[in-house]
1. Could you list all residues from segment 130-158 that are of a type in the set (S, T, N, Q), within 12 Å of the chain's Cα centre (by Cα) and modelled with pLDDT of 95 or more?
2. Name the residues in segment 50-68 that are in a loop (DSSP other than H, G, I, E, B) and more than 17 Å from residue 88 (Cβ to Cβ), would you?
3. Just to be sure before I move on: is residue 137 in contact with a Ser or Thr (Cβ under 7 Å, 6 or more places away or on another chain), open to solvent by 10 Å² or more (accessible area, probe 1.4 Å), charged (D, E, K, R) and under 27 Å from residue 64 (Cα atoms) in the structure I sent?
4. Pairs needed: first member in segment 95-113, closer than 16 Å to residue 133 by Cβ; second member anywhere, among the aliphatic types (A, V, I, L, M) and open to solvent by less than 50 Å² (accessible area, probe 1.4 Å); C-beta distance under 9 Å; at least 6 residues apart or different chains.
5. Among the residues of segment 75-94, which ones are in contact (Cβ under 8 Å) with a residue 24 or more places away in the chain and surrounded by 11 or more Cβ atoms within 10 Å (Cβ to Cβ)?
6. Could you run through segment 114-158 and say how many residues are touching a residue at least 40 places away in the same chain (Cβ under 8 Å) and among the acidic types (Asp, Glu)?
7. Within segment 88-115, can you find the residues that are at pLDDT below 95 and within 19 Å of residue 66 (Cα to Cα)?
Amino acid sequence: MSVGVLLAIALSGCSFFDPAEGATTPGGAVTASPTPDGRRVSLVQQLGADGPARTLEVDRTGRWQCRDCAGDGVDSTGALTPEQTQRLQQMLADPALAKETDEARHYKQGCIDALTSTLLIPPGLTITTQDCPGEPKPPVAYQVLLLITQATPAEDKS
């Protein structure tokens, strides 16, 4: 499955924790999501174009669920510590993230068979990095990536 397909699935409004987010009415209209404090973040990682994808979702309270997180086919759940959750929410609220999106950076994947990590931060922020030598890492997004991969069974290989 390609990263593009995975992104389309992730951006479709799927959420492990809050089915009301992005919910549709029977007529197909999108319902308004509540405006709770905090944001959620999803991470999709894939090694090369044909590698299996692992997905990690962290909700606004710090609860997380990971599919094939360690690359062993096992799904895991857990929670960040209150300090990690507070730090994550501070980074997700940082206005600098808007300048780190794929669109703002005119990002194009440059390596073959590299680990590709894509952060999806609703509403509409997509930030991709690869573990290519010399590829600059968007500073705030990379700190988000490090926090959630170090606090869960996901491993950052970049």
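1. As a first pass, look at segment 130-158 and keep what is of a type in the set (S, T, N, Q): 130, 143, 149-150, 152, 158.
Pick out the ones that are also within 12 Å of the chain's Cα centre (by Cα) and you get 149.
If the condition is that a residue be of a type in the set (S, T, N, Q), within 12 Å of the chain's Cα centre (by Cα) and modelled with pLDDT of 95 or more, then no residue fits.
2. Taking segment 50-68 as the starting set, the residues that turn out to be in a loop (DSSP other than H, G, I, E, B) are 50-52, 59-62, 68.
Result: 50, 51, 52, 68.
3. Values: in contact with a Ser or Thr (Cβ under 7 Å, 6 or more places away or on another chain): yes; open to solvent by 10 Å² or more (accessible area, probe 1.4 Å): yes; charged (D, E, K, R): yes; under 27 Å from residue 64 (Cα atoms): yes.
Taking the combined requirement at face value, the residue satisfies it.
4. Close Cβ pairs satisfying both conditions: 109/3.
5. Of all residues in segment 75-94, those in contact (Cβ under 8 Å) with a residue 24 or more places away in the chain come to 76, 78, 80-81, 84-85, 87-89, 91-94.
Once the filter is applied, which keeps residues that are in contact (Cβ under 8 Å) with a residue 24 or more places away in the chain and surrounded by 11 or more Cβ atoms within 10 Å (Cβ to Cβ), segment 75-94 yields 76, 78, 80, 84, 85, 87, 88, 89, 91, 92, 93, 94.
6. So the answer is 1.
7. Answer for segment 88-115, where residues must be at pLDDT below 95 and within 19 Å of residue 66 (Cα to Cα): just 115.
The values are calculated or read from the model by the stated rules, or taken from the named source; none is laboratory data. These numbers come from a predicted model, not from an experiment. Ideal geometry is used to build each Cβ from the backbone, glycine not excepted, and the neighbour counts take in all protein chains shown. Each accessible area value is taken on the protein alone, full model and side chains, heavy atoms only, with ligands, DNA and RNA left out. Shrake-Rupley method; radii C 1.70, N 1.55, O 1.52, S 1.80 Å.
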